[in-house]
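Working notes, beginning with the structure itself.
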Amino acid sequence: MLQLGHAASELTEFGHLGTALGLLARLVGSDTATLTHLDLQTGHEVALFWPHDRIGKTRLTAYAQVGHTHPLRPLLARDIERRTSQRTVARISDLLTGRQWRSHPLGSVMPDVTDQMAVLLGGRRPVVHAVTMGRLGGVFVDRQRDLLAAAGPLLAAPLARSSRAGHRALQLTPQPVWVPADAAPTLDEPQGTGPATAGRRTADELPLSPRELDVLRLVAEGGTDAQIARRLGLQTATVSKHLTRIYARLDVPNRAAAVRRLTEFHA
């Protein structure tokens with residue numbers, strides 16, 4: 001977890017997120033990892049994979065036809081509307097039996113995949129950004145689900161701040177093709193002063209002091225208490241006290257949950 005947090009804190013380029021995906025997959029015990037940018041309304045989907053060369057052209061073409069049937073999408077869509085720090089880690093094995101998955105249109109396209117689970121990194125209807133992990137044998141156990149719930153959101157902050165200029169990602173639908181990374185569906189709100197802008201929430205609305213917000217933002221970047229203390233010119237014990245107050249004010253149990261709460265707002 002510390003290695004992933006450190007790597008995430010150093011990421012500034014979209015193309016380097018694949019490294020963090022690999023670390024997350026190893027931590028969770030997953031064979032594959034996918035960072036998805038998906039517009040649930042139009043079906044436009046752009047992704048970053050680990051390992052990067054694991055999907056062939058034939059499968060990509062088939063996925064473009066059936067990707068909209070993915071059984072985890074409704075759960076990700078539901079999480080967009082939830083105003084809570086708790087994120088659902090959805091597993092296909094919780095929804096379908098092995099036989100049902102093998103006969104599912106998507107399961108037929110990915111016969112080597114025996115289970116998947118996903119967690120929402122950020123969302124603003126109709127767009128979701130999520131990480132999906134895949135097993136090529138067996139199913140994900142509860143411990144792996146809990147690890148993804150705790151570690152997955154560490155990628156939210158680097159994903160939000162990473163520069164996409166000059167990087168590419170793989171568009172899955174409406175047809176598979178490499179596209180500029182900045183062509184992926186984003187969480188940016190429309191410009192203007194209409195209802196969409198009026199409903200915009202910022203991190204300043206969190207019930208935290210400016211110093212506590214500084215601490216939480218550095219936690220979201222993967223900083224340890226000692227690293228945050230050095231950045232802010234504080235004692236490590238002072239940072240720990242700030243975190244204790246942050247947990248109480250946000251009504252969350254730990255730093256991972258606090259980071260998830262932060263990702264519900266614009267930093």
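Key figures for this structure:
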| read-out | value |
| --- | --- |
| Unit Cα scatterers, Debye sum, region 197-263: log10 I(q)/I(0) for q = 0.12, 0.13 Å⁻¹ | -0.28, -0.33 |
| Under the Karplus curve 6.51 cos²θ - 1.76 cosθ + 1.60, θ = phi - 60°, whole-Hz ³J(HN,Hα) for region 99-108, x wherever Gly or Pro sits | 5, 5, 5, 5, 8, 5, x, 6, x, 5 |
| Relative contact order %, region 197-263, counting alpha carbon pairs below 8 Å whose residues are six or more apart | 34 percent |
| Amide H partners (placed H, <5 Å) of T173, local residues excluded | E45 |
| For the chain, size of Cβ-based charge dipole, Lys and Arg +1, Asp and Glu -1, in debye | 320 debye |
| Whole-percent pair-distance distribution, where bins are 5 Å wide, for the alpha carbons of the chain | 1, 6, 13, 17, 19, 17, 12, 8, 4, 2, 1, 0 |
| 3J(HN,Hα) from dihedral phi, region 170-182, Karplus parametrisation 6.51/-1.76/1.60, rounded to Hz, x for glycine, proline | 9, 6, 9, 9, x, 8, x, 6, 6, 9, x, 4, 6 |
| ³J(HN,Hα), Karplus 6.51/-1.76/1.60, whole Hz, each residue of region 118-134, x for Gly, Pro | 9, 9, 6, 8, x, x, 8, 2, x, 9, 10, 10, 8, 10, 10, 9, x |
| Other-chain or far-sequence residues with amide H under 5 Å of V127's (modelled H) | L40 |
| Share antiparallel - DSSP beta bridges, the chain, percent rounded to 5 | 95 percent |
| Relative contact order, percent, the chain [alpha-carbon distance under 8 Å, six or more residues apart] | 24 percent |
| In region 71-136, the trypsin sites (Lys or Arg not before Pro) that fall in loop regions by DSSP, at most 11 other Cβ within 10 Å | R83 |
| Top positive-direction residue, dipole computed over the chain with Cβ charges, set G18, M117, T186 | M117 |
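Readers should treat all values here as calculations from the given coordinates under stated rules, not as data from a laboratory. Computed from a prediction, not measured in an experiment: that's the story for all the values here. A quick note on method: Cβ atoms are made from the backbone with ideal geometry, for glycine too, and the neighbour counts reach across all protein chains shown.
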